[in-house]
Each structure stands twice: as structure tokens, then as C-alpha cells.
Amino acid sequence: MDQLKPSDLAVHRERATGGLEEIISAVRYVIDGGIDDGGVLLALETLGGDFDIFRRIQLPFFTHFGPDERYLSQLAAQLAEEAGFPIRTPIIGTFSSTGYWTIPELVTVCLPAGDHGQLLAFPDLVHELAHILLHEADGGLTSRFLSQSIGPYATSLGTVDGDPEFADALHPQYQEWFIEFAADVIATYVCGPAYGWQNVRLRAQGGSDLAKPWQPAKPAPLGANTEPFSHPADNARATVIGAVLRGTGETVAADRIQAEWASLTAHVVQPPPVYEISYPQSVLDDVVSMTLEWCRDGDLTPYADADEHAVVAHIGRAWQLQLADPVAFAANEDTMVGDLRALVESGASTDSPS
Ligand SMILES: [Zn+2]
């Protein structure tokens, strides 16, 4: 791997090779007789799975690292610095087939190929950086929310929707949902209306998912496959984003985005009654107020205070032009993309891939 890395990737290389070396020494321990014969195959199978994760999810960040990934990594570093996120600098890959995603433990963020030229989508990058921030420095925010908000609320519920275990499932479900909501709150705080617009744009691209803005309407039943329940319902996320915009003085944008969301979802079926129990307004209010207070206490930079040369200001201007005059935006998009790239690359180190 050595010859593939620019010097500023050294820390990522060490993390990846360190993980690989752990797998190798564990395999050596197993085949040298370190565990009982009966457990050898199972141990090797587990280690094979670990190696597969390395091969499929970590290695491509290095094998696909080129000028665009380098630019995006610099862009992410600058976004984090301007927003006041005290996080390790992530490495960005562009091999995602499922939108933007992050593995905070590995300090990696993955985008679809070509998204270095997608100014309008960059608010989603801030959402992923917020995941890393919450992973590295949440300062007790998540446990505070779980114990002070959803915990007491879930305890107050009896049998819901014919399910006596509903409350037992709702509380742990919010361990995942709260992180997603909080990442939305932080991204809206930092990006302003652009995050709300990008959220609408992303959902509008969702095709069949657009017909399910209330799903998941309830937590994963205990013992069920949790994958379809990993993110809270899009409608609840839109509610939270709108509340953050109002809470930060962006009332006009909040109204416009809310109207756009309403028209986008006007023709889908009404929410099932259980939706309101899974996402009560009081809990969504807590999500917003507790996370906003946490943003302010942590001295994160709100959109209104961003420097005019900040990355989020570039993104905000791109969205303003797109909304006011889409034809003019289309005509100017390449220039705006190039201006931002020149700005970011001029401020970054000049190390080149070795
Ligand atoms: Zn997320």
C-alpha cells in the first residue's frame, strides 16, 4: 500500500495497516494453537469476516485515492475546521452506491463517484462529519437525551398498537435514531437553509422511498432485522430540520422548505396512528433543544456567523442561485465548483501523491 499514499494520508495508512496487523496476528495466534480445537474454525471464520470488511470497506479508500478524493478530503477538513468540529480528519472515498455514508470508527466518509462536482449535495457531507463529531466528542449528549427525554416518555407508554413490548423497543431504537436526528440538527445549524433544501432534494430523488415518509412508523420489533429501521422516518427528520431553522432565525426559509416538503408528500397516504406515538412532538422538541444547546455550548459556528469565504457560504450561495434562477445556476455551476476547489486547494498543503 505504501506507494499509493500521499504523505498526508500517513495517519489513515497507519490506522488501516494497524487493523490489518491485528487480524494477521490473531490468525497466527489461532493457528499456533492459541485456542481450543473446537473453536478454531469459528475463530477463523470471524477473522475472515474482519478481513473481508477491511478489503471491501477500508482498502478502497486507498486504492481509489486520486486528485478528486484528495480535494474532497481537504474540503472535509476545511468544513470541519470552519464549523469548529474537533475531529480527526476523515479520508474521503468516492465509491458509494448508496449516497453518502460514514464509518466514524474508521474516520472514513464515502460519496458517490462524481460528487466532487455536486455543490448542492455538500450539506450531506456536513451530516457525515457530524456523525464523526458525535462519535468522538458527544460529551454525554446522547445519554442525556436517552435518560431525560425518550426514557421517561417510553416508560409512560403501555401497550401500543397491540404490542406490549413497544416501549421496550422504542427506547433502544432511539439510540440510533437520536444520532441521525442530532447529525441533522448539527448540519442544519452549520449549513443553514442549504441543509433543508438538500434534504428535500435528496428525498425527491428517493423514488419509491418518497411514498413512505412515515416509515419506519415504529421501532424494530425486538429480535427483528434492524436494517430497515436504522434511520428515523423522513417526515420526522424534515420536522426536526424545520424546527432548527426556526430556532436559528431562518423562518422564511423554514416556511418555504416546509411548503415544498408538504407538496412533495401531499399525495402519499396519511401516517398510521402509531407514527405520532413513535415520534411525539415533545420528544422531537427535546431532540432540537438539547442538540442546539449542545452546539452553542460547544462553540460550533452557526451558519449566520460563517465567514463569506467559508465553504458553507459558497454552498449557501449556490443554493440561493439554484432556487432563484435554476437556468443561471446551471450556466454558472462549473465556475462555482471550480472557484470552491481553487479556494480549498490553495489553502491546503502542497504535498503530492508519492
Ligand atoms: Zn446519518
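Observations
- Binning all Cα-Cα separations of region 195-269 at 5 Å, short to long from zero, yields these whole-percent fractions: 3, 16, 24, 22, 16, 11, 6, 2, 1.
- Per-pair calculated FRET efficiency, R0 = 45 Å: L41 and A262 via Cβ, rounded to 0.05: 0.20
- Whether region 138-305 is rounded, prolate or oblate, judged on the alpha carbon gyration tensor where a/c under 1.5 counts as rounded: oblate
- Built from the Cα atoms of region 219-318, the convex hull projects on average onto 8.8 nm², one quarter of its surface area.
- Each label point was placed 7 Å from the Cα along the Cα-to-Cβ direction; for A330 and T98 their separation is 3.3 nm.
- Cα shape, the chain, gyration tensor, a/c 1.5 rule: oblate
- FRET efficiency estimate (nearest 0.05) - Cβ-Cβ, S289 to A204, R0 22 angstrom: 0.15
- Theoretical FRET efficiency, 1/(1+(r/R0)^6), r = Cβ-Cβ of D305 and S147, R0 25 Å, to 0.05: 0.20
- All-pairs Cα distance distribution in region 1-63, expressed in whole percent, bin size 5 Å: 4, 16, 24, 19, 14, 10, 7, 4, 1
- Legend: helices of the chain (whole DSSP H runs) are marked when their alpha-carbon atoms reach 15 angstrom or more along the helix axis and their mean Kyte-Doolittle hydropathy is at least -0.5; marked are 10-31, 37-53, 123-137, 166-191, 234-247, 251-264, 281-297, 311-324, 326-347.
- Taking the Cα centre of the chain as origin and assigning +1 to Lys and Arg Cβ atoms and -1 to Asp and Glu Cβ atoms, the resulting dipole is close to 520 debye.
- Taken about its Cα centre, region 138-305 carries a charge dipole of about 380 debye when Lys and Arg each add +1 at the Cβ and Asp and Glu each add -1 at the Cβ.
- Anisotropy class of region 1-156 from Cα gyration tensor, a/c 1.5 cut: oblate
- Debye equation applied to the C-alpha atoms of region 269-354, log10 I(q)/I(0) at 0.16, 0.22 Å⁻¹: -0.88, -1.01
Each reported figure results from applying straightforward, stated rules to the coordinates on display, with no laboratory input. Treat the numbers as computed from the prediction; the structure is a model and nothing was measured. FYI the Cβ positions are ideal-geometry reconstructions off the backbone, even for glycines, and counts take in every protein chain you see.
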